[in-house]
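These notes concern the structure reproduced below.
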Amino acid sequence: MTAKRSRKRVASVREYVASKPKESRASLEAVRRAILKALPNAQEGLAYQMPAYTLNGMGVLYFAGWKSHYSLYPASDALVEAFAKELAPYERSKGTLKFPLSEPVPVRLIERIAKFRARQLTTRDAAMGRRKGGREGQVDRIRRICAALPSAFEKMSHGTPCFFVEQGKGCFAMVSEHHRDDGRLSLWVPVADGLQPLMIEESPDIYFYPRYVGAGGWVGILLDQIADDALESHLREARRIIASKRKPARKPRGM
């Protein structure tokens, strides 16, 4: 019996493109160059093992290569409406735009989509309200609280700011855009067993079921709806939960 081959992990976008079939590499590189041209100040990296482009720590655009097509994410209703005529020939599925590898890359369209996404985020920052300081103000708010927690460490992961129990280990909080793609910034954190459904039922204007991690007992928190003291309480409890699950360091023999 032959074991299944595990998918090789890549460490950069260049490696990602090089890992794809030879016949698709030129198209993927053209997509990459189009995004970088449109977003010269964006940070290029990987999220979920696919190319990701971020501005001020927030994901603007992602792409991925497949067998017969490549995809752009996220494709909100507003974006599709804005480019309705140009996108009509292409398939859209679950917030994703699919472009066939058999056709020339629509470089100008991809550049315009990237710029549109950047403007969307800027506009949403303003719409979030000056009282809370916009997107950067909300992230700074989380940073100030986490700075007071023992050994808390921040780094970019999956294209967004994440906070860990210690350097690179034990993620206990993740910043994210709201799952309904309405631009409202949220924070995903673990909560005590059984609390998640109760919190969402009691306060659906504050809490929601986050994708990917909801099944693990995490909850999403809309940051423009929660006070500082409650947010601090959630972050402290989230760190405690994750720290308690980590194995203690092994003591040297003879001690």
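The values are calculated or read from the model by the stated rules, or taken from the named source; none is laboratory data. What you see is a predicted model, and the numbers here were worked out from it, not measured in a lab. Heads up, the Cβs are rebuilt from the backbone with ideal geometry, glycines too, and the neighbour counts pull from every protein chain shown. Accessible surface areas use protein heavy atoms only, side chains included; no ligands, DNA or RNA. Shrake-Rupley method; radii C 1.70, N 1.55, O 1.52, S 1.80 Å.
Can you pull out every residue in region 95-128 that is small (Gly, Ala, Ser) and modelled with pLDDT under 85?
Here is the first cut: in region 95-128, the ones small (Gly, Ala, Ser) are 95, 102, 114, 118, 126-127.
Gly95, Ala126, Ala127, listed by residue number.
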Residue satisfying all of: in region 50-66; modelled with pLDDT of 90 or more and of a type in the set (Ser, Thr, Tyr); most open to solvent (accessible area, probe 1.4 Å) among these
Tyr62
The one condition in (1) small (Gly, Ala, Ser); (2) open to solvent by 50 Å² or more (accessible area, probe 1.4 Å); (3) within 23 Å of Ala26 (Cβ to Cβ) that Ala114 fails to fulfil:
(2)
Unmet criterion (only one of (1) touching a residue at least 24 places away in the same chain (Cβ under 8 Å); (2) of a type in the set (A, V, I, L, M); (3) open to solvent by 10 Å² or more (accessible area, probe 1.4 Å)) for Ala47:
(3)
Picking from Phe172, Phe208, the residue that is surrounded by 15 or more Cβ atoms within 10 Å (Cβ to Cβ) and touching a Gly at 6+ places or on another chain (Cβ under 6 Å) would be Phe208
Could you list, in sequence order, the residues of region 81-106 that are over 20 Å from Ala18 (Cα atoms), of a type in the set (A, V, I, L, M, F, W, C) and more than 20 Å from the chain's Cα centre (by Cα)?
Ala82, Phe83, Ala84, Leu87, Ala88
Tally, over region 67-82, of residues that are over 24 Å from Gln138 (Cβ atoms) and open to solvent by less than 10 Å² (accessible area, probe 1.4 Å)
4
Just wondering, is there one or more residues in region 165-177 that are at pLDDT below 85, closer than 21 Å to Gly95 by Cα and not hydrophobic (A, V, I, L, M, F, W, C)?
yes
Would you please name the residue that is nearest to Asp193 (Cα to Cα), looking only at residues in region 216-235 that are out of contact with any strand residue (DSSP E or B) (no Cβ under 8 Å at 6 or more places or on another chain) and open to solvent by 40 Å² or more (accessible area, probe 1.4 Å)?
Ser233
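What's the total number of residues in region 158-168 that are over 14 Å from Ser244 (Cβ atoms) and touching a residue at least 24 places away in the same chain (Cβ under 8 Å)? Give the derivation first.
Step one: list which residues in region 158-168 are over 14 Å from Ser244 (Cβ atoms), which gives 158-164, 167-168.
Imposing the further condition that a residue be touching a residue at least 24 places away in the same chain (Cβ under 8 Å) reduces the set to 158-161, 163.
Residues that pass the stated criteria total 5.
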When region 134-155 is examined, which residues are found to be modelled with pLDDT under 85 and either outside any helix (DSSP H, G or I) or open to solvent by 60 Å² or more (accessible area, probe 1.4 Å) (or both)?
Glu136
Need pairs with beta-carbon distance below 9 Å; first residue charged (D, E, K, R) and within region 222-244, second open to solvent by less than 40 Å² (accessible area, probe 1.4 Å) and in a helix (DSSP H, G or I); sequence gap 6+ or separate chains.
Asp224/Gln138; Asp228/Arg141; Asp228/Ile145; Glu232/Ile145; Arg236/Ile145; Arg239/Cys146
Arg131: open to solvent by less than 70 Å² (accessible area, probe 1.4 Å), of a type in the set (Lys, Arg), modelled with pLDDT under 90 and under 23 Å from Ala230 (Cβ atoms), yes or no?
no
